[in-house]
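Data block below; observations after.
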């Protein structure tokens with residue numbers, strides 16, 4: 001038995017007959033925020049386990065729900081209230097990303113990563129890539145090079161960019177970002193590329209760090225003004 005999606009469907013003998021229907025079901029599940037696993041079986045004659053076996057037969061789809069952390073929505077709302085623009089960069093299907101963005105309050109203005117390369121544009125998406133990245137709430141079906149490109153273009157637009165990640169494929173973007181943040185249980189590659197490594201699960205500590213850093217900057221500004229005032233009074 002094998003659990004996959006497109007790859008397994010392409011191996012099945014019924015792919016021509018059921019392909020369209022299966023993809024419709026996958027898209028419907030994705031609109032509800034559910035991932036799909038395709039289940040297929042293959043018969044292998046007894047005592048000949050090394051043989052290629054018979055053709056694969058499609059059995060069905062298993063819907064899976066991978067919920068966000070319980071504090072994700074609250075953390076995102078806190079960040080937005082602090083003036084931090086939050087964008088989601090994910091390898092998920094477009095429909096799944098839109099539903100997740102809606103639930104978390106990020107937004108549903110998501111685009112497939114192919115638009116970053118200037119492909120698949122329609123009339124409503126005929127924007128320069130840099131404007132599209134600023135406008136979007138997130139991008140889907142992304143690869144490591146897409147993440148790096150998004151960070152680079154936002155920096156070119158004079159944004160200070162923070163990037164969170166946990167995997168090897170996040171390392172280039174973490175390194176490129178102004179503030180690379182490796183989450184708890186991140187890979188060694190992600191930790192090595194990041195500026196900050198979180199030691200506890202979740203991202204809520206980032207909001208606390210923003211508040212603390214702003215307070216520190218304001219204190220330094222106040223001290224600078226007071227010192228300048230003192231010097232001016234002394235000279236007069």
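Scanning segment 149-158 for residues being in contact (Cβ under 8 Å) with a residue 24 or more places away in the chain and either surrounded by fewer than 20 Cβ atoms within 10 Å (Cβ to Cβ) or at positive phi (or both) gives a total of 4. Across segment 140-156, the number of residues qualifying as in contact with a strand residue (DSSP E or B) (Cβ under 6 Å, 6 or more places away or on another chain) and closer than 18 Å to residue 95 by Cα comes to 3. When the residues of segment 7-40 are filtered to those that are surrounded by fewer than 14 Cβ atoms within 10 Å (Cβ to Cβ) and out of contact with any helix residue (DSSP H, G or I) (no Cβ under 9 Å at 6 or more places or on another chain), the one that is modelled with the lowest pLDDT is 7. For the criterion of being at pLDDT 95 or above, touching a strand residue (DSSP E or B) at 6+ places or on another chain (Cβ under 8 Å) and surrounded by 14 or more Cβ atoms within 10 Å (Cβ to Cβ), residue 137 passes.
The numbered conditions (1) assigned by the TED database to the domain that holds residue 10; (2) at pLDDT 90 or above are all true for residue 44 except (2). Can you find a residue that is assigned by the TED database to the domain that holds residue 83, in contact with a helix residue (DSSP H, G or I) (Cβ under 6 Å, 6 or more places away or on another chain), surrounded by 10 or more Cβ atoms within 10 Å (Cβ to Cβ) and in contact (Cβ under 8 Å) with a residue 40 or more places away in the chain anywhere in segment 193-205? Yes, segment 193-205 has at least one match. Every listed requirement among (1) farther than 18 Å from residue 89 by Cα; (2) within 15 Å of the chain's Cα centre (by Cα) is met by residue 200 save one, (2).
The values are calculated or read from the model by the stated rules, or taken from the named source; none is laboratory data. In this text, all values refer to a predicted model and were calculated from it rather than measured experimentally. Cβ sites come from the backbone with ideal geometry, for glycine too, and all protein chains shown count toward neighbours.
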